[in-house]
Structure formats: C-alpha cells, structure tokens
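Note sheet for the following structure.
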Amino acid sequence: MPFYEHVFLARQDLTTAQVETLTEGFTKVLADGKGQVAGSEYWGLRTLAYRIAKNRKAHYVMLNIDAPASAVAEMERQVGLNEDIIRSMTIRVDALAAEPSAMTRRGGDREGGREGGREGRGDREGRGDRDGGAPRGDRGERPRREPRA
C-alpha cells in the first residue's frame with residue numbers, strides 16, 4: 001500500500017480533546033477502508049501566517065498513513081465536509097519517517113512565533129540589515145515640510 005502524510009488545521013476555538021476526537025474519527029475512516037494510521041503528531045495550537053476564515057491560530061495535526069488511495073480519498077472527503085477543519089493537505093511519500101517530524105523535534109517555541117534570532121527584543125540588535133541598529137550614513141537630512149493650510 002502507498003504511504004501518505006496528511007496535515008490538517010482545526011479551528012482555534014476547539015479544545016485539545018475535540019481535536020483528538022477528530023483525529024480518531026479520521027483514523028476510523030481509514031481503518032474502514034483497509035488502511036491504518038502508522039503514527040499521529042499533535043503540533044499544538046500555533047499562530048497562522050495569515051488569517052484563515054477569521055482564525056488567527058489553529059491546531060495542527062499530522063497523520064502518517066499506510067492506506068489504499070480509495071481510503072485516503074474518503075478521508076479527504078470527510079475532512080472537506082467537516083466545518084472544524086480550516087485547511088488540510090495530503091502528500092504521497094516513498095516511506096514513512098521513523099523519527100519524529102521537524103515540528104516535534106523543534107521543541108521550545110510552541111506558539112509559532114519567531115524561528116530564532118531576536119526572540120521579541122525591542123531593540124534592533126541582530127537584525128542583520130544594519131550594523132547594530134546604527135543610523136544609515138548614506139542619507140542626508142530630510143527637508144522640512146511646510147504645514148498644510
């Protein structure tokens with residue numbers, strides 16, 4: 001049977017238990033289609049890069065699937081009908097990963113903020129585009145504007 005990785009984003013106002021119930025439901029759909037979920041990872045409630053359906057955050061879940069294409073198609077149909085799922089993606093892979101995904105290994109920042117670097121500092125240190133936040137010397141003084149009448 002082919003292998004798949006399926007990631008879905010559930011609405012932010014769901015509880016973790018409700019997200020687990022969704023995951024179990026999709027696992028049952030795959031089992032009914034003679035497939036199985038080799039592993040699932042809950043990546044947590046993370047901030048989205050942009051709003052999706054008025055949601056700023058979403059619960060991320062990844063499923064490693066070993067199932068025939070018909071079972072995966074039925075699961076994708078069920079995901080599309082579910083109002084609690086705001087986005088999903090399924091890809092076919094050559095082999096299922098034995099180790100945890102990069103999202104699980106990453107640890108640390110669970111809220112989906114910055115990947116590294118400044119970590120919320122208010123100063124300009126570490127930006128890389130200027131030397132320590134120093135003013136740019138190649139600009140002259142700005143001309144003053146006259147107030148509008």
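The values are calculated or read from the model by the stated rules, or taken from the named source; none is laboratory data. All of these numbers come straight from a predicted model, not from anything done at the bench. A quick note on method: Cβ atoms are made from the backbone with ideal geometry, for glycine too, and the neighbour counts reach across all protein chains shown. Remember, those area values only see protein heavy atoms, side chains included, never the ligands or the DNA or RNA. Shrake-Rupley method; radii C 1.70, N 1.55, O 1.52, S 1.80 Å.
Key figures for this structure:
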quantity	calculated
Calculated FRET value between R87 and K34, using beta carbons and R₀ = 35 Å, to 0.05	0.80
Length-normalised contact order of the range 1-65 in % [C-alpha pairs under 8 Å, at least 6 apart]	49 percent
Within the accessible area of the range 1-111 (1.4 Å probe), percent carbon and sulfur	52 percent
Accessible area per residue in Å² at 1.4 Å probe, computed on the range 32-102	60 Å²
Under 5 Å, built H, 5+ apart or other chain: amide partners of A67	Y4, Q36
Nonlocal amide H pairs with I86, under 5 Å, H built at 1.01 Å	L9, A10, R11
Largest-first ellipsoid semi-axes for the range 37-87, taking √(5λ) over the Cα gyration tensor eigenvalues, angstrom	23, 15, 7
